[in-house]
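The values are calculated or read from the model by the stated rules, or taken from the named source; none is laboratory data. This structure is a prediction, so every number in the text was calculated from the model and none was measured. Cβ: placed from backbone, ideal geometry, glycine included. Neighbour counts: every protein chain shown. Quick note on the areas: whole protein, heavy atoms, side chains included, nothing else; ligands and nucleic acids left out. Shrake-Rupley method; radii C 1.70, N 1.55, O 1.52, S 1.80 Å.
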Amino acid sequence: MLTVENVSYEVNQRKLVSDVTFSTASGELLAIIGANGAGKSTLLRMLSAERKPTEGHISLYGKKLKDYSPKELALKRAVLNQHNTVNMDFHCQEIVMMGRYPHFKNRPTEQDRRVIAETMKICGVLHLAGRSFLTLSGGEQQRVQFARVLAQIWDQSGALILMDEPVASMDIQYQQQTLAIAKALCKKGFMLVVILHEINLAALYADRILMLKNGQKWKDGAPLEVLNAEHIYSVFNVEAEVQMNRNTLQANVFSKELKLDAAHFNSFL
Amino acid sequence: MLTTQHRNWKRFFIYLILSLLLVASVIVALALGAVEIPVKDVSLILAKKLGLFSSLAVDETFEGVINLIRLPRVLLGLLVGAALGVSGAAVQGIFRNPLAEPGLIGISAGASLFAVIIIALETALLAGLSQLLGYYLLAFGAFAGAALAAVLVYQLSKTDGRPNIAGMLLAGIAINAFAGALTGLVTYLADEQQLRTITFWMLGSLGGATWDTVTALLPFVLLPVLTLPLLGKSLNAFALGEAQADQLGLRTGRVKLQVVLLSTLAVGASVAVSGVIGFVGLLVPHIIRLLGGVDNRYVVPASALFGALILTLADTVSRVAVAPIELPIGVITSLLGTPVFLYILFKDKKKILR
């Protein structure tokens, strides 16, 4: 159970997130969408305890985030960051094993080895285990990081998994696969909060969508409630047509072509 | 997961070979010099010193040379080398950059500045002091300078009360430049005699080795050499990024403080007794990584061993290359280090460009 109450984040008198309230429970995949600069990443950083809210409270399973010790929190929530740069030439297997660091002191146990084998298999990177992380493509690197993040909470039921644009660097196959894994984890009782740029992926996989605008909660509800032409226009400034797939009852968003005439460019040049 | 087992064996062999080479280099270092001592006698005298055969009859001249001159110098080399190697590995770990070195947090620059000031003042104000007292003053001054610079860099790097690595790099550059400028100013004002002393100190030398310096340095080096390897796992997590390490439950602020503190202790004290010895802190961890991988649980302790080995060899070369004149050890390490460094750089460049 993750509860966010009237949370704001202010830096240099600018409110990046203001007065956001929501909650999510295990078994739910919550997608956060919104335009660039809407406060999605800032909100996620507060959920991960990387930033402290300047106002409001966040609690995980009834305990305030700030009352968790770093170690305790590491066993209850894992984070897949948008950017992951590694400068040292680690092997993929070593990277994934780092996800188990909170679980062992000096040497990994049999359980740790089993867990990383499972998560690497699920993320489709088991064949990369002995490869140098630095020689992988961006999408492969992100999948290895995903395996690391899953390894961290794999045997901790009900844990919170936060993902900041996890699929941005992946091809369409792995975008789908990654979100399908996320969805399957929800079924196993995990809680997922995922920032997504691609609205249609949110429509396909999210149980609920939180739409942010200028740091505020704009809409919060099932994909079919949240995703309509009016809301999309007000948040993204894009004309779109939303259709419902009659078979799957899922929304499908088609954005309309944005036409700029020559005069528009001439005003810059 | 066959690879892990394979790698563990490989690392075991690296430790083994490094240890054997270290013992061999110590024996060679004790054997070579103005008086050449046969390896057999060196081994016997060492065995006797270790209390193995206390009733052994050994050549007394040889025993005297080793006991009074060579052994303290070799031990000093081992300590300084281990200090530079282990701190280099740890600092590269927190900076998440294989090109970082302990000098980056101002240790060497701070030590140099204070040493140069003391050398410049010594002849003017403290002429009455005996040579030995002057030496201790220099060592204490250099250590104080190193500690002051490192603490300053650490404090300046704090944002919102937490040390920030990018800030540490920038503060380090600023403090290095500032200390460098002041060192230049003092050097400019120094007279002939002082200039010679300053130059000699800046190039590094283990010539000041006595049993006293060895005993004085021992705790400063032993503590970091024994404790920094315990941070290996934390430093690995650092490689993922600071935010990522935080998310794994690591107290990153504490790790940074520990590394800065222990490196300052080791390198500051080493620079204080031996002057600035370049390139060892940078290169040693690099070569260790090329040999057996980047896992810091191996890189940090292996760097201590390899640093000790390199410095023992470099000091032997500095003593015997153009005997009876002694070359500054910093010149040797940089002369031999530069080509190796360039090789690594170009090799990495190819990897990056591929």
- Message: Leaving ligands and nucleic acids out of the surface, order A:Thr24, B:Thr61, A:Thr54 by accessible area at 1.4 Å, largest first.
- Response: B:Thr61, A:Thr54, A:Thr24
- Take every Cα-Cα distance within segment A:140-220, group them into 10 Å bins from 0 onward, and report for each bin the whole-number percent of pairs it holds. 16, 50, 29, 4
- Task: Between the alpha-carbon centers of segment B:256-328 and segment B:197-240, tell me the distance in whole angstrom.
- Result: 8 Å
- Centre separation in Å (Cα based) which lies between segment A:9-44 and segment A:128-204: 20 Å
- Inter-chain shielding of A:82-89 (mean C-beta neighbours from other protein chains, 10 Å cut-off): 6
- Query: So, by mean Cβ neighbours within 10 angstrom, what's the order for A:84-90, B:108-114, B:10-16, A:31-37 with the highest one leading?
  - Reply: B:108-114, A:31-37, A:84-90, B:10-16
- Query: Accessible area of A:Leu210, 1.4 Å probe, to the nearest 10 Å²?
  - Reply: 0 Å²
- So which lysines pass the test for A:Lys64, namely a Cα distance under 18 Å, with those fewer than 8 places away in the same chain ruled out? A:Lys52, A:Lys76
- Positive-end extreme of charge dipole, chain A - chosen from A:Ser41, A:Gly99, A:Val144 (charges on Cβ): A:Gly99
- Task: Along each of the three principal axes of the Cα atoms of chain B, give the extent in whole Å, ordering the values from largest to smallest.
- Result: 62, 58, 36
- Query: Any idea what % of Cα-Cα pairs in the protein assembly as shown are farther than 47 Å?
  - Reply: 30 percent
- Item | Measure of compaction for segment A:88-140 (Cα Rg per 2.2 N^0.38 Å) | 1.12
- Out of B:Pro219, B:Pro339, B:Pro285, a Gaussian network model of chain B with alpha-carbon springs under 10 Å gives the largest mean-square fluctuation to B:Pro339
- Query: Which one of A:Ile232, A:Val194, A:Ser69 is farthest out on the positive end of the charge dipole of chain A, using unit charges on Cβ (Lys, Arg +1; Asp, Glu -1) and the Cα centre as origin?
  - Reply: A:Ser69
- Which is farthest toward the positive dipole end of chain B among B:Ile175, B:Leu99, B:Val225, measuring Cα position about the Cα centre, with Cβ charges +1 (Lys, Arg) and -1 (Asp, Glu)? B:Leu99
- Dipole in debye (nearest 20) - chain B, about Cα centre, beta carbon charges: Lys, Arg +1; Asp, Glu -1: 1540 debye
- Query: If the viscosity is 0.890 mPa s and the temperature 25 °C, what translational diffusion coefficient in µm²/s does Stokes-Einstein give for chain A when Rh comes from Kirkwood over Cα pairs?
  - Reply: 124 µm²/s
- If you put +1 on each Lys and Arg Cβ and -1 on each Asp and Glu Cβ, how big is the dipole of segment B:1-105 around its Cα centre, in Debye rounded to 20? 540 debye
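Given a cut-off of under 8 Å on Cα pairs at least six residues apart, what relative contact order in percent is computed for chain B?
After rounding, I find 29 percent.
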- Note on the structure: Here D for segment B:290-341, in µm²/s, from Stokes-Einstein with a Kirkwood Rh over Cα pairs at 4 °C and 1.567 mPa s, works out to 105 µm²/s
- Query: What is the local net charge at B:Leu291, summed over the other residues whose Cβ is closer than 11 Å to its Cβ (Lys, Arg +1; Asp, Glu -1)?
  - Reply: +3
- Task: Quick one: order A:Val11, A:Val194 from most to least accessible surface, probe 1.4 Å.
- Result: A:Val11, A:Val194
- Task: In whole Å, largest first, what are the principal axis extents of the Cα atoms in segment B:129-258?
- Result: 56, 35, 21
- Message: How many Å² of accessible surface get buried when A and B come together, counting both sides, probe radius 1.4 Å, rounded to the nearest 100?
- Response: 2600 Å²
- Note on the structure: Order by accessible surface, 1.4 Å probe, largest leading, for residues B:His286, A:His57, A:His127 comes to A:His127, A:His57, B:His286
- Ranked from highest to lowest mean number of other Cβ atoms within 10 Å per residue, what is the order of the peptides A:68-77, B:137-146? B:137-146, A:68-77
